[in-house]
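Report on one structure; see the data block that follows.
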Amino acid sequence: MDIVVTSITFLIPIFLLAFILYIIRAIKGPTISDQVLAIDAMTYDVAAFLVVLSIYLRIPILTATAIVLALWIYALDIYIAKYLEKRELGE
Amino acid sequence: MTEVLIYIGLALIGLGAVSDLIAAIGMNRFKNFYLRLHAATIGTIWGAFVPIIGASLVAIGYEPLGYYRWFVAGAGFVAALLVLILAPAGSHALARATHRARIVRVEPCIADHLDETMCIKGGSE
Amino acid sequence: MIDPQVLVLGIGALAALASVVAVYFAVIERNLVRAVVFSAIQSTLYALLYYILMAPDIVLVYVPVAVGLYPAVILFLISKTEREEKP
């Protein structure tokens, strides 16, 4: 049996448990900042998970999606931060 | 040579998965937004940067991917560099906006020179 | 050992279930900014789902639209109007 496929098979449930805990915090977070922080951390971990999964499935062309995901979730942070700050500083 | 690369990469992926789980537990256990920033730091650097580097090292030494394994390695290194740059910048922007908009007060606080009224002296723990 | 295709489809099923929960909260939420944030959760899970259904080109288009462009337009619109939805 291939050592890479066997090891990643045992590592995938750990990633999934972490994603479920992140989603719980992202849904029930008391303030908007908590939710956005949880989504942010979850999405970077999803990007890491996609790279691992492309090796696991042996389809190398799927790796390019991780770059796009890591680039664009940063935009959500900046939008929410700009919205919160502008509301305080006056129109 | 490739065996060593595969073992190092698998160890890094395992370390990343475990620290990812630790960060998720911490995200649920901490009481405050400013405390949850610590868990987000663990989750982004140790939980995303390290496993991507490990996956790139595995891809370099993993023969069944064929000639495209260099593409996986290069895209992985670029994604890891982007995470390393963008994740702290996003967290910092979010924390600064939250503190300026006075949404969350600083709970276990000793001194807050930015805004004294945000500070709760002698927090619960 | 488990077949990789079956395990990956299980991951897709979990992502679909979680996205249903996020969409439900986005629909019933009164605060519009929180509704946008719930919608962002749904977008991320759909990106994972499209990846698992082996459509990387769809992911490359869906992520900039649903994570980047759509919250920007909606937040710009909310900043022009009120933040709370009237019953």
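C:Gln42 falls short on exactly one of the conditions (1) more than 14 Å from A:Leu76 (Cβ to Cβ); (2) more than 7 Å from chain A (Cβ to nearest Cβ), and that condition is (1).
Here is a yes/no grid of residues against (1) in contact with a Phe, Trp or Tyr (Cβ under 7 Å, 6 or more places away or on another chain); (2) among the polar types (S, T, N, Q); (3) in a helix (DSSP H, G or I):
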site	(1), (2), (3)
B:Ile13	no, no, yes
B:Ala24	yes, no, yes
B:Thr41	no, yes, yes
B:Ala55	no, no, yes
B:Val78	no, no, yes
B:Leu84	yes, no, yes
B:Thr117	no, yes, yes
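Tally up the residues in the range A:32-59 that are over 24 Å from B:Gly26 (Cα atoms) and either crowded, with 22+ Cβ neighbours inside 10 Å or among the hydroxyl-bearing types (Ser, Thr, Tyr) (or both), please. Write out each step before concluding.
Start the filter on the range A:32-59 by keeping residues that are over 24 Å from B:Gly26 (Cα atoms), which leaves A:51, A:53-59.
Adding the requirement that they be either crowded, with 22+ Cβ neighbours inside 10 Å or among the hydroxyl-bearing types (Ser, Thr, Tyr) (or both) leaves A:51, A:53-56.
The qualifying residues number 5.
Taken across the range B:52-65, residues that are over 23 Å from A:Leu84 (Cα atoms), buried (at least 16 other Cβ atoms within 10 Å of the Cβ), modelled with pLDDT of 90 or more and among the polar types (S, T, N, Q) do occur, with at least one present.
Scanning the range B:1-26 for residues that are under 12 Å from the mean Cα position of the chain (by Cα) and among the aliphatic types (A, V, I, L, M) yields B:Ala17, B:Leu21, B:Ile22, B:Ala23, B:Ala24.
The values are calculated or read from the model by the stated rules, or taken from the named source; none is laboratory data. Bear in mind the structure is a predicted one, so any value in this text is a computation, not a measurement. Quick reminder, even Gly has a Cβ in these numbers, built from the backbone with ideal geometry, and neighbours come from all protein chains shown.
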